[in-house]
Amino acid sequence: MKKLLGILIASASLAVASIDAKAQAPSDIPEEMNTLMTKYTCIACHRPNQRLVGPAYADVAKKKYSNEEIVNLIYNPIPSHWPGYPPMAAMKQVPKADAMKLAVWINSLDESPAKKGGATKAKPKSKKA
Ligand code: HEC
């Protein structure tokens with residue numbers, strides 16, 4: 001008795017999970033800043049929007065330092081500004097012009113609109129009379 005078995009080939013559809021590699025890729029770092037951050041090793045500890053060893057630059061920007069103040073903090077870090085973080089080493093090898101470029105860029109990150117996850121639904125309207 002010959003059994004004819006229909007062979008059903010089920011086409012397996014692969015659900016391709018989209019990989020969110022955004023957190024790792026430094027795509028949010030302009031090329032020139034990436035060059036400087038790599039050269040002076042800032043990149044080992046800092047990202048624009050992500051905490052690593054050091055705080056995210058966007059969080060630094062929120063502190064509203066002047067560009068000059070940031071340059072000074074690169075040369076003379078004040079670890080007490082960032083409780084819960086290890087102290088940053090003084091980066092005195094960074095030429096002033098480059099430190100200033102980094103400072104200007106860091107400060108610019110405060111204005112960049114949050115792309116996602118940063119829903120600002122509750123706008124504080126605390127206006128004390
Ligand atoms: C080995 C890790 C490391 C490296 C390299 C590093 N940082 Fe930091 N950075 C930190 C940590 C940790 C903090 C927070 C603690 C502190 O300020 O000492 C910090 C804080 C900062 C702050 C905030 C200062 C404040 O007082 O609010 C700025 C700005 C900054 N870093 C810029 C830079 C720049 C620019 C470079 C490269 C020239 C750099 N960092 C290299 C770890 C690092």
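The values are calculated or read from the model by the stated rules, or taken from the named source; none is laboratory data. What you are looking at is a predicted structure, and each value in this text was computed from that prediction instead of being measured. With ideal geometry, Cβ positions are generated from the backbone for all residues, glycine too; neighbour counts draw on all protein chains shown.
Below is a table of values for the structure above.
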{"quantity": "Top-ranked residue of the stretch 24-38 - restricted to ones that are out of contact with any Phe, Trp or Tyr (no Cβ under 8 Å at 6 or more places or on another chain) and part of a loop (DSSP other than H, G, I, E, B), ranked as farthest from the ligand (Cβ to nearest atom)", "calculated": "Ala25"}
{"quantity": "Complete set of residues in the stretch 85-107 that are near the ligand (Cβ under 9 Å from one of its atoms), out of contact with any helix residue (DSSP H, G or I) (no Cβ under 7 Å at 6 or more places or on another chain) and small (Gly, Ala, Ser)", "calculated": "Ala89"}
{"quantity": "Residue match in the stretch 59-66 (condition: in contact with a Lys or Arg (Cβ under 9 Å, 6 or more places away or on another chain), within 10 Å of the ligand (Cβ to nearest atom) and either at pLDDT 95 or above or not β-branched (Val, Ile, Thr) (or both))", "calculated": "yes"}
{"quantity": "Qualifying positions in the stretch 39-55 - assigned to a loop (DSSP other than H, G, I, E, B) and surrounded by fewer than 17 Cβ atoms within 10 Å (Cβ to Cβ)", "calculated": "Thr41, Cys45, Gln50, Leu52, Val53"}
